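What follows is a single structure, written as structure tokens, with notes after it.
The values are calculated or read from the model by the stated rules, or taken from the named source; none is laboratory data. Here the structure is a predicted model, which is why all the values come from computation and not from measurement. Cβ: placed from backbone, ideal geometry, glycine included. Neighbour counts: every protein chain shown. Protein only, heavy atoms only, side chains kept; ligands, DNA and RNA dropped before computing areas. Shrake-Rupley method; radii C 1.70, N 1.55, O 1.52, S 1.80 Å.
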Protein chains: 2
Amino acid sequence: MSDRVIPDSVTQGCPAQGRPTSGRIICAGLGPGDPELMSVRADRLIRSACHVAYFRKAGRAGQARRIVEGMLAPGVIEHPMEYPVTTELPVDSPAYRDALAGFYDSWAARLTDLARTQDVVVLCEGDPFFYGSFMHLHTRLQGHVALEVVPGMTGMTGCWNVTGIPITWGDDVLTVLTGTMPEAELIRHMQATDALVVMKTGRNLPRVRSALALTGRLEEAWLIERGTMPGQRVIRLAEAHDDDCPYFAIVLVHGHGRRPERAQGDEP
Amino acid sequence: MSDRVIPDSVTQGCPAQGRPTSGRIICAGLGPGDPELMSVRADRLIRSACHVAYFRKAGRAGQARRIVEGMLAPGVIEHPMEYPVTTELPVDSPAYRDALAGFYDSWAARLTDLARTQDVVVLCEGDPFFYGSFMHLHTRLQGHVALEVVPGMTGMTGCWNVTGIPITWGDDVLTVLTGTMPEAELIRHMQATDALVVMKTGRNLPRVRSALALTGRLEEAWLIERGTMPGQRVIRLAEAHDDDCPYFAIVLVHGHGRRPERAQGDEP
């Protein structure tokens, strides 16, 4: 995963003494939102970073930056990577895709340039390799710069934990969908699975709710907003209003366990 | 999730000064195996624990115990919860189920008794609520004792990270299956998904491989053994031998991204 390894100790303290003559781009998975659920490794790298970069929408604080509030070293240099404003462009248009591709190209070049002389920590909510925005940089950086990815707990793991109920037991099947799919596809997948996670709900919530109702699963569905974070809300989806769902929310249905009482490691 | 909260500071040090007059059972998710991928919270709780309990097979060191090697406080009291030997019983027999149920009942009672006067940390590989053995204790403990679950990074998250390739992009569907399923069911789910994780491979590997071949996905499948741990092996499944797969291995197929270039937070 890592093209080269420089011991963490070299980059401790900020501004660092004995700065490396060439650095890495380190993408640190932040986990679901509670800083206590960050990995020991991500925690240490973020606290000792001299340069941090993170995505955010123009004019917003940014979720990733909010998670590390109070953790950054004095003197850290921040690089907010602000998405271009594209509200006037249809998301499936070539112009929209060009604007985003240009944005990722430009930041890949800037981060690569920074990493010539020092480490840069890129903050990424959840796990960088699970529906993460970092992958658009990753494809542009790989092979051109020393690159390291620190896994993070996925947002969905944080969310099923705050319900206090296991998501999968025994031989349950778990399916992860995005709320952006057409209703017929949502229904087909919902019918085929035991446990379910729906990412990217937001404005898609009415369609997700309808698909769950049509497959007889609405009553057992949960809506988790800001899971593990301040302002967390955990409710039954049936009790939620369609117009009351931020993008940063997950819908889930727990499995019931096909063969619950088995010793770990046993096989049929 | 927690019935009552006692500050961590009360239980720091072992044997503790100022021990609480009543304790909790804390299940700490250990993550995929690398101790650096444990959460900050699990790391702290494990290092300060006076009592730790963990599942293992009779005569084995136990994977959970191995992960925390070197982390436990001097004077810690260990409670290995050894699965009953049931090799003579068919796994679907009532006698097998009774033996396991009795085992979980007995440990639920012993842990509850311990927690009358002190905290007990139960070690659980991966995330406790994702195919975890802890849930058999959880159902028996909930409502009877102060209980807390600390989420862990799932084993599959560690495994897809060590391949260095994103598991899901854009609007990919991810399906998690167990290798214990009949081949026809494996095939049906494999056909319907973009990205795939197969848990509980081991002796089921030939069936999993056959189902992947029949759905045209064998060439893009990976086998990860002991992901993020010493002795880690990451190979193409097509190159693996059927008789060369421990239970502690995961098969995965990466998604390709249905709409890769989108700004995070955008919706159609």
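Yes or no: the range A:4-23 includes at least one residue that is modelled with pLDDT of 90 or more, over 22 Å from residue A:225 (Cα atoms) and not aromatic (Phe, Trp, Tyr).
For the range A:4-23, residues modelled with pLDDT of 90 or more, over 22 Å from residue A:225 (Cα atoms) and not aromatic (Phe, Trp, Tyr): present.
Only one residue in B:205, B:212, B:123, B:196 is outside any helix (DSSP H, G or I), outside the structural domain of residue B:38 (by TED's automatic domain parsing) and not β-branched (Val, Ile, Thr). Which one?
Of B:205, B:212, B:123, B:196, the one residue that is outside any helix (DSSP H, G or I), outside the structural domain of residue B:38 (by TED's automatic domain parsing) and not β-branched (Val, Ile, Thr) is B:196.
Do we have any residue at all in the range B:142-156 that's farther than 23 Å from residue B:41 by Cβ, surrounded by fewer than 24 Cβ atoms within 10 Å (Cβ to Cβ) and out of contact with any helix residue (DSSP H, G or I) (no Cβ under 7 Å at 6 or more places or on another chain)?
Yes: one or more hits.
Residues in the range B:163-185 that are more than 8 Å from chain A (Cβ to nearest Cβ) and not in a loop (DSSP other than H, G, I, E, B): how many?
Adding up the residues that qualify gives 3.
Working only within the range B:227-252, note down all residues that are modelled with pLDDT of 90 or more, away from chain A (no Cβ under 14 Å) and either closer than 30 Å to residue A:105 by Cβ or not in a helix (DSSP H, G or I) (or both).
Across the range B:227-252, the qualifying residues are B:230, B:231, B:233, B:235, B:236, B:251.
Look at the range A:126-155 and say how many of its residues are part of a helix (DSSP H, G or I) and more than 9 Å from chain B (Cβ to nearest Cβ).
Number of matching residues: 4.
From B:105, B:127, B:113, B:119, grab the single residue that is at pLDDT 95 or above and under 28 Å from residue B:160 (Cα atoms).
None of the other options fit; the residue is B:127.
Looking only at the range A:30-53, filter to residues that are open to solvent by 10 Å² or more (accessible area, probe 1.4 Å) and among the aliphatic types (A, V, I, L, M); which one of those is nearest to residue A:115 (Cα to Cα)?
A:40
What residue, among those in the range B:105-137 that are touching a residue at least 40 places away in the same chain (Cβ under 8 Å), of a type in the set (Ser, Thr, Tyr) and out of contact with any helix residue (DSSP H, G or I) (no Cβ under 8 Å at 6 or more places or on another chain), is surrounded by the fewest Cβ atoms within 10 Å (Cβ to Cβ)?
This residue is B:117.
Within the range A:101-118, is even one residue touching a Phe, Trp or Tyr at 6+ places or on another chain (Cβ under 9 Å) and within 11 Å of chain B (Cβ to nearest Cβ)?
yes
For the range B:29-51, how many residues are touching a strand residue (DSSP E or B) at 6+ places or on another chain (Cβ under 8 Å) and either more than 12 Å from chain A (Cβ to nearest Cβ) or in a loop (DSSP other than H, G, I, E, B) (or both)?
Result for the range B:29-51: 6.
For the structure I just gave you, tell me whether residue A:53 is at pLDDT 95 or above, of a type in the set (A, V, I, L, M, F, W, C) and within 28 Å of residue B:152 (Cα to Cα).
yes
Look through the range A:76-104, keep the residues that are surrounded by 16 or more Cβ atoms within 10 Å (Cβ to Cβ) and among the hydrophobic types (A, V, I, L, M, F, W, C), and return whichever of them is nearest to the chain's Cα centre (by Cα).
Among those that are surrounded by 16 or more Cβ atoms within 10 Å (Cβ to Cβ) and among the hydrophobic types (A, V, I, L, M, F, W, C), it is A:81.
Filter the range A:54-75 down to the residues that are touching a Pro at 6+ places or on another chain (Cβ under 9 Å), within 11 Å of another protein chain (Cβ to nearest Cβ) and open to solvent by 40 Å² or more (accessible area, probe 1.4 Å) and list them by number.
Matches in the range A:54-75: A:56, A:58.
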